[in-house]
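The structure appears below as structure tokens.
The values are calculated or read from the model by the stated rules, or taken from the named source; none is laboratory data. Computed from a prediction, not measured in an experiment: that's the story for all the values here. Reconstructed Cβ throughout: ideal geometry from the backbone, glycine too, with neighbour counts over all protein chains shown. Calculation scope for accessible area: heavy atoms of the full protein, side chains included, ligands and nucleic acids excluded. Shrake-Rupley method; radii C 1.70, N 1.55, O 1.52, S 1.80 Å.
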Amino acid sequence: MKLREFECNMDRLQLELDACREDAQQGMREMAGLMKRSDALQIQVIQERTRVEKAEEVAREAVAEQERLRLVVDAERASRAAELQAQMDAFRVTTGQQASAKAAEADDLGRRLQE
């Protein structure tokens, strides 16, 4: 009878051991799946980080280009303003000279008429 109980206990323990082995194997398969998923997520993180870094670089380049264009436009505006100011000054001088010449003519004509 004791031998029979021992054999039954051995069979039960063997079944429990087999179930534990199956659980361990299932756990290892799940762990392998999780590790693959973790690797895939790490690759995605690296790819996203690279994409963000490239986007930031493009944004920095765009800001630098915008600043360069602003400086070019400011320089062109200043150059054009100086050019217009010079033209206005030349016009004033020419107009002033013409007015002086006309005034001199008028004075001369006025003197002649008085004589």
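Among residues other than M10 with Cβ under 15 Å from its Cβ, the summed charge is -2 (Lys and Arg +1, Asp and Glu -1). In region 6-43, which residues have a backbone nitrogen under 12 Å from the label point lying 7 Å from R49's Cα in the Cα-to-Cβ direction? Correct set: 42-43. Near R29: Cβ cut-off under 13 Å, other residues only, Lys/Arg at +1 and Asp/Glu at -1. The net charge is 0. Taking 0.36 nm per residue of sequence separation and removing the Cα-Cα distance, the E22/T95 pair yields an extension gain of 15.6 nm. Surface exposure of region 1-100, expressed per residue as accessible area with a 1.4 Å probe, stands at 90 Å².
The residue list M35, A99, T50 was ranked by how far each Cα lies along the charge dipole of region 1-112 toward its positive end, using unit charges on Cβ atoms, and A99 comes out on top. Each of G110, Q85, V72 was scored by the projection of its Cα onto the charge dipole of the chain, and the greatest displacement toward the positive side belongs to G110; charges sit on the C-beta of Lys, Arg, Asp and Glu. The average projected area of the chain, computed from the convex hull of its Cα atoms over all directions, is 11.4 nm².
Using only side-chain charges placed at the Cβ, +1 for Lys and Arg and -1 for Asp and Glu, the dipole size of region 53-115 relative to its Cα centre rounds to 340 debye.
Assigning unit charges at the beta carbon (Lys, Arg +1; Asp, Glu -1) and nothing else, what dipole magnitude in debye, to the nearest 20, does the chain show about its Cα centre? Result for the chain is approximately 180 debye, rounded to the nearest 20. Extension gain for the segment R12 to D74, taken as residue separation times 0.36 nm less the Cα-Cα distance, is 13.3 nm to one decimal.
The L109 and A81 beta-carbon pair, evaluated with R₀ = 30 Å, returns a calculated FRET efficiency of approximately 0.15.
Taking 7 Å steps out from each Cα toward its Cβ at A59 and M1 produces label points 8.4 nm apart.
Rounded to the nearest 10 degrees, the angle from helix 2-114 to the longest Cα principal axis of the chain is 0 degrees.
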